[in-house]
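Novice: The structure under discussion is supplied below as structure tokens; questions concerning it will follow.
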Amino acid sequence: MNTKLLTAILLGSSVLCSAGAAFAQDATLTIESWRNDDLAIWQDKLIPAFEAKNPGIKVVFSPSAPTEYNAALNAKLDAGSAGDIITCRPFDASLDLYTKGKLADLTSLSGMENFSDVAKSAWTTDDGKATFCVPMASVIHGFIYNKDAFDQLGITPPATEDEFFAALDKIKADGTFVPMAMGTKDLWEAATMGYQNIGPNYWHGEEGRLALLKGEQKLTDPQWVEPFATLAKWKPYLGDGFEAQTYPDSQNLFTLGRAAIFPAGSWEISVFNTQAQFKMGAFPPPVKKAGDTCYISDHTDIGIGLNAASKSPDAAKTFLTWVASPEFAEIYANALPGFFSLNSTPVKMADPLAQEFVSWRDKCKSTIRSTYQILSRGTPNLENETWVESANVINGTDTPEVAAKKLQDGLDSWYKPAK
Amino acid sequence: MILTLHGSGPVGVRGNVVRLDAMKAFYVHAELDRDRAETEHMTAPAASKRPFRWHIAIFLAPAVLVYTAIMILPLFGTLQLALFRNIAQSQVFVGLDNFRTLFGDPNWSVNFWNALRNNVWFFIIHMLVQNPIGVVLAALLSSPKLHFSAFYRTAIFIPTILSFVIVGFAWKLILSPLWGVAPNLLDLIGLKSLFTPWLGKEDYALTTLGLISVWQFIGIPMMLIYAALLSIPDEVIEAAECDGVTGMAQFWKIKLPLILPAIGIISILTFVGNFNAFDLIYSAQGALAGPNYSTDILGTFLYRAFFGFQLQVGDPNMGAAIATMMFLIILVGVCIYLFLIQTRLRRYQF
């Protein structure tokens with residue numbers, strides 16, 4: 001039923017648009033995307049805002065199912081039937097399209113100066129010379145907490161690691177709440193919400209990540225092993241039977257008010273806002289000592305690029321420049337709290353939780369998940385192994401040192417850093 | 001974000017790759033059966049020259065063509081794919097290099113042997129639990145004194161027709177330490193202390209999944225053996241009773257020898273089914289078959305290699321090499337059964 005409706009809407013809009021184009025001249029741009037959840041936002045908010053400013057350019061948002069997107073897009077690009085604007089997956093999937101000449105080079109696009117190098121890293125060639133997608137949104141890691149529970153127990157959001165564990169001890173001693181809602185069953189929770197969440201504080205964000213890429217640091221160095229050691233200390237604070245607790249279990253445990261802290265990614269915000277009946281707050285990953293610089297994982301997730309075979313590249317560039325503008329950022333970030341604009345200009349957001357998350361960008365340094373760029377190209381796959389080992393460390397199957405050694409050995413077997 | 005993490009892979013496509021191994025094995029099996037039947041039952045044909053019987057070819061054609069197109073060709077396609085490797089965007093013939101990688105490179109071989117070991121354990125659970133219980137259930141069902149046997153038969157068979165996905169999720173919920181009924185039920189009988197999050201513990205996860213699979217498929221051996229038991233003529237049973245062989249002795253001395261061929265067929269079905277298993281593990285534990293790869297079987301290992309997972313890019317060539325190994329393992333198993341076991345089974349004709 002839904003698909004039918006969607007098809008009808010798309011069909012209708014494309015017919016209308018082509019009819020419109022016939023009168024109003026110029027160009028019709030079609031956007032390829034996997035974000036079919038965002039269809040309404042594009043049609044009701046983003047596209048009208050753009051078209052009002054740029055008469056003569058029509059835009060059609062044409063999403064496909066997330067699981068089919070990569071394959072469908074590749075097929076369409078090969079057949080020459082893909083839309084003008086391509087929504088970019090981060091890292092290798094898009095890089096592959098660029099090296100095959102399917103995506104145009106956007107390094108000199110006006111508006112690109114609005115983005116930092118970290119923001120662009122997901123859509124930049126390995127040598128950093130060319131950028132081929134405009135960064136659209138990122139997700140930030142941190143901890144969401146149950147404000148009512150914290151008030152009841154007289155806890156303030158912890159800033160340092162000692163305070164963090166003191167708070168956990170207090171919640172545990174009280175016994176009303178499960179201190180932390182996380183399970184190791186689905187593996188990725190332990191890696192993404194655990195290791196990649198708290199890790200940047202230890203390896204100093206970009207500094208450590210780039211050193212790892214260059215081969216100057218190893219995963220067995222102390223700054224990469226320590227996050228594992230901290231994760232191992234989480235074990236007593238997780239709920240009963242956390243070994244078999246899945247990600248949806250954790251979400252429900254928290255939104256039902258049975259857990260006090262949820263190691264989170266900002267994409268939870270809109271889900272939690274509708275489900276939780278209590279007040280929520282958020283704090284960034286605690287630093288080791290008060291006054292240390294804090295680092296956050298501000299992971300690039302969605303970008304938008306130009307089909308190299310587009311028939312109206314100028315109109316498409318006008319559109320992309322608009323996507324790079326603060327105006328787009330503001331509409332987008334407010335429509336989808338939790339998916340943050342990567343634009344350097346601060347965006348005003350109405351959602352308090354989203355505001356809290358994004359405020360960390362000012363006081364902390366941003367980085368992306370350490371395993372995503374380049375390091376997960378070979379076998380064994382570093383990202384997958386990090387999932388398994390993070391869960392192993394929390395379960396107590398492996399010590400932090402053993403886990404780190406396994407990861408480094410796996411990486412060494414295929415990755416030769418460029419000298 | 002959530003969508004990319006939870007997107008399930010194209011399971012159906014993989015189905016073809018693996019199942020065709022099973023079907024091939026069956027094909028060999030069926031063919032050998034037929035050959036034997038022919039040599040046993042057919043008298044030597046008249047030597048006189050007959051015209052070529054076209055109608056046989058024509059009647060066979062639809063099945064042969066469809067089977068060739070969707071089973072035999074993909075099978076050879078898989079075998080061929082295993083001999084190539086993608087180098088600089090083009091498929092290059094590399095001989096047995098993929099197999100050398102699979103067995104020589106510890107990054108692959110450790111996973112392969114782990115998956116094979118787990119698979120063997122998965123099979124052993126089925127052989128030790130599913131099939132004996134299936135025989136017992138069938139024997140109970142065929143007892144004339146049992147009331148409501150049709151009800152029991154249906155109730156026990158129903159899980160077999162459920163989808164793997166439903167079974168996987170239902171059991172995940174039943175065993176969930178947070179919302180599951182298992183902890184409460186154990187509490188009711190005072191055994192709460194026995195509860196652990198089975199699916200999350202390295203030591204128990206695979207055995208638990210094996211038992212879930214047994215729960216699901218117990219109906220199949222039960223039905224086949226039930227049918228075999230029913231086909232035993234009453235005269236044989238009566239003769240046994242006249243000779244004073246009754247009760248348990250009757251089962252062991254008369255019925256069991258008569259249903260041994262059915263048990264043999266069930267064993268081989270179990271073997272093929274287990275070594276092609278994938279769905280239950282995938283739906284309950286995910287493609288990484290956690291915790292710490294303890295539930296990784298050949299099917300999930302193949303899936304990760306062939307289609308990739310998350311950031312891991314799929315490698316169809318290595319995937320095909322693993323699929324080929326699965327095919328060979330199943331082929332060897334089926335051959336051992338056919339040549340060493342089935343030929344020694346005595347069949348009785350009534």
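Novice: Please specify each residue of the range A:104-122 satisfying the condition of being under 19 Å from residue A:316 (Cβ atoms) and not charged (D, E, K, R).
Specialist: Across the range A:104-122, the qualifying residues are A:104, A:106, A:107, A:108, A:109, A:110, A:111, A:112, A:114, A:115.
Novice: Has the range A:169-177 got at least one residue that is touching an Asp or Glu at 6+ places or on another chain (Cβ under 9 Å) and either basic (Lys, Arg) or more than 23 Å from residue B:169 (Cα to Cα) (or both)?
Specialist: No, the conditions are met nowhere in the range A:169-177.
Novice: Can I ask one more? Does residue A:305 qualify as being touching a residue at least 12 places away in the same chain (Cβ under 8 Å) and within 14 Å of chain B (Cβ to nearest Cβ)?
Specialist: no
Novice: So the check is Cβ under 7 Å with 6+ separation or different chains; which pairs have a first residue in the range B:303-329 that's more than 14 Å from every other protein chain (Cβ to nearest Cβ) and a second one that's modelled with pLDDT under 90 and part of a helix (DSSP H, G or I)?
Specialist: Hits for this filter: B:323/B:17; B:323/B:18; B:323/B:21; B:326/B:18; B:326/B:21; B:327/B:21; B:327/B:24.
Novice: Checking the conditions here, which among A:220, A:230 is more than 14 Å from chain B (Cβ to nearest Cβ) and surrounded by fewer than 19 Cβ atoms within 10 Å (Cβ to Cβ)?
Specialist: Within the list A:220, A:230, the selection yields A:220.
Novice: Return yes when residue A:269 is part of a helix (DSSP H, G or I) and among the hydrophobic types (A, V, I, L, M, F, W, C) and no when it is not.
Specialist: Yes: the conditions hold for residue A:269.
Novice: Residue B:271: more than 14 Å from chain A (Cβ to nearest Cβ), at pLDDT 90 or above, under 20 Å from the mean Cα position of the chain (by Cα) and over 21 Å from residue B:135 (Cβ atoms), yes or no?
Specialist: no
Novice: Which one of B:333, B:264 is buried (at least 17 other Cβ atoms within 10 Å of the Cβ), farther than 30 Å from residue A:188 by Cα, of a type in the set (Gly, Ala, Ser) and away from chain A (no Cβ under 14 Å)?
Specialist: Step by step, each of B:333, B:264 is checked, and only B:333 is buried (at least 17 other Cβ atoms within 10 Å of the Cβ), farther than 30 Å from residue A:188 by Cα, of a type in the set (Gly, Ala, Ser) and away from chain A (no Cβ under 14 Å).
Novice: So which pairs qualify, if the first residue must be in the range A:186-201 and closer than 18 Å to residue A:250 by Cα and within 11 Å of chain B (Cβ to nearest Cβ), the second must be open to solvent by 10 Å² or more (accessible area, probe 1.4 Å) and among the aliphatic types (A, V, I, L, M), the Cβ gap must be under 7 Å, and the two must be at least 6 apart or on different chains?
Specialist: These pairs meet every condition: A:188/B:5.
Novice: Among the residues of the range A:356-375, write down those that are polar (S, T, N, Q) and either open to solvent by 10 Å² or more (accessible area, probe 1.4 Å) or farther than 22 Å from residue A:295 by Cα (or both).
Specialist: Once the filter is applied, which keeps residues that are polar (S, T, N, Q) and either open to solvent by 10 Å² or more (accessible area, probe 1.4 Å) or farther than 22 Å from residue A:295 by Cα (or both), the range A:356-375 yields A:359, A:366, A:373.
Novice: Let me ask you something else. List the number of the failed condition for residue B:92; all other conditions in (1) surrounded by fewer than 18 Cβ atoms within 10 Å (Cβ to Cβ); (2) in a helix (DSSP H, G or I); (3) touching a Lys or Arg at 6+ places or on another chain (Cβ under 7 Å) hold.
Specialist: Only one criterion is unmet by residue B:92, namely (2).
Novice: While we're looking at this one, here's another question. Within the range A:363-394, take every residue that is touching a strand residue (DSSP E or B) at 6+ places or on another chain (Cβ under 8 Å) and part of a helix (DSSP H, G or I) and give me the one that is farthest from residue A:409 (Cα to Cα).
Specialist: The selected residue is A:363.
Novice: Which numbered condition trips up residue B:152, out of (1) farther than 30 Å from residue A:252 by Cα; (2) in contact (Cβ under 8 Å) with a residue 40 or more places away in the chain; (3) open to solvent by 60 Å² or more (accessible area, probe 1.4 Å)?
Specialist: Status for residue B:152: all satisfied but (2).
Novice: Still on this structure: Name the one entry in A:183, A:199, A:175 that is closer than 24 Å to residue B:282 by Cα and either of a type outside the set (A, V, I, L, M, F, W, C) or buried (at least 24 other Cβ atoms within 10 Å of the Cβ) (or both).
Specialist: Sole residue among the options that is closer than 24 Å to residue B:282 by Cα and either of a type outside the set (A, V, I, L, M, F, W, C) or buried (at least 24 other Cβ atoms within 10 Å of the Cβ) (or both): A:183.
Novice: Of the numbered conditions (1) of a type in the set (Asp, Glu); (2) open to solvent by 40 Å² or more (accessible area, probe 1.4 Å); (3) outside any helix (DSSP H, G or I), residue A:298 fails exactly one; give the number of that condition.
Specialist: Against the list (1) of a type in the set (Asp, Glu); (2) open to solvent by 40 Å² or more (accessible area, probe 1.4 Å); (3) outside any helix (DSSP H, G or I), residue A:298 comes up short only on (2).
Novice: Another question, then. With the range A:27-127 as the region, which helices (runs of 4 or more DSSP H) entirely inside it contain at least 2 residues that are within 14 Å of chain B (Cβ to nearest Cβ) and open to solvent by 10 Å² or more (accessible area, probe 1.4 Å)?
Specialist: Once the helices (runs of 4 or more DSSP H) in the range A:27-127 are filtered for at least 2 residues that are within 14 Å of chain B (Cβ to nearest Cβ) and open to solvent by 10 Å² or more (accessible area, probe 1.4 Å), what remains is A:66-79, A:92-99.
Novice: So, residue B:286, is that one within 14 Å of another protein chain (Cβ to nearest Cβ) and on the phi > 0 side of the Ramachandran plot or not?
Specialist: Considered against the rule, which asks whether it is within 14 Å of another protein chain (Cβ to nearest Cβ) and on the phi > 0 side of the Ramachandran plot, residue B:286 comes out as yes.
Novice: Do the conditions hold for residue A:220, that is, is it among the hydroxyl-bearing types (Ser, Thr, Tyr), part of a helix (DSSP H, G or I) and touching a residue at least 40 places away in the same chain (Cβ under 8 Å)?
Specialist: Answer is no for this residue.
Novice: Also, quick follow-up: Can you confirm whether residue B:105 is more than 21 Å from residue B:208 (Cα to Cα) and in contact with a Lys or Arg (Cβ under 7 Å, 6 or more places away or on another chain)?
Specialist: no
Novice: Out of A:324, A:333, I need the residue that is of a type in the set (A, V, I, L, M) and either within 14 Å of chain B (Cβ to nearest Cβ) or over 20 Å from residue A:124 (Cα atoms) (or both). Which one?
Specialist: Result of the check over A:324, A:333: A:333.
Novice: Mind counting the residues in the range B:208-254 that are under 30 Å from the mean Cα position of the chain (by Cα), more than 14 Å from chain A (Cβ to nearest Cβ) and assigned to a helix (DSSP H, G or I)?
Specialist: Within the range B:208-254, residues that are under 30 Å from the mean Cα position of the chain (by Cα), more than 14 Å from chain A (Cβ to nearest Cβ) and assigned to a helix (DSSP H, G or I) number 23.
The values are calculated or read from the model by the stated rules, or taken from the named source; none is laboratory data. Computed from a predicted model, the values in this text were never measured in an experiment. Methodologically, a virtual Cβ is constructed for each residue, glycine included, from the backbone with ideal geometry; neighbour enumeration extends over all protein chains shown. Quick note on the areas: whole protein, heavy atoms, side chains included, nothing else; ligands and nucleic acids left out. Shrake-Rupley method; radii C 1.70, N 1.55, O 1.52, S 1.80 Å.
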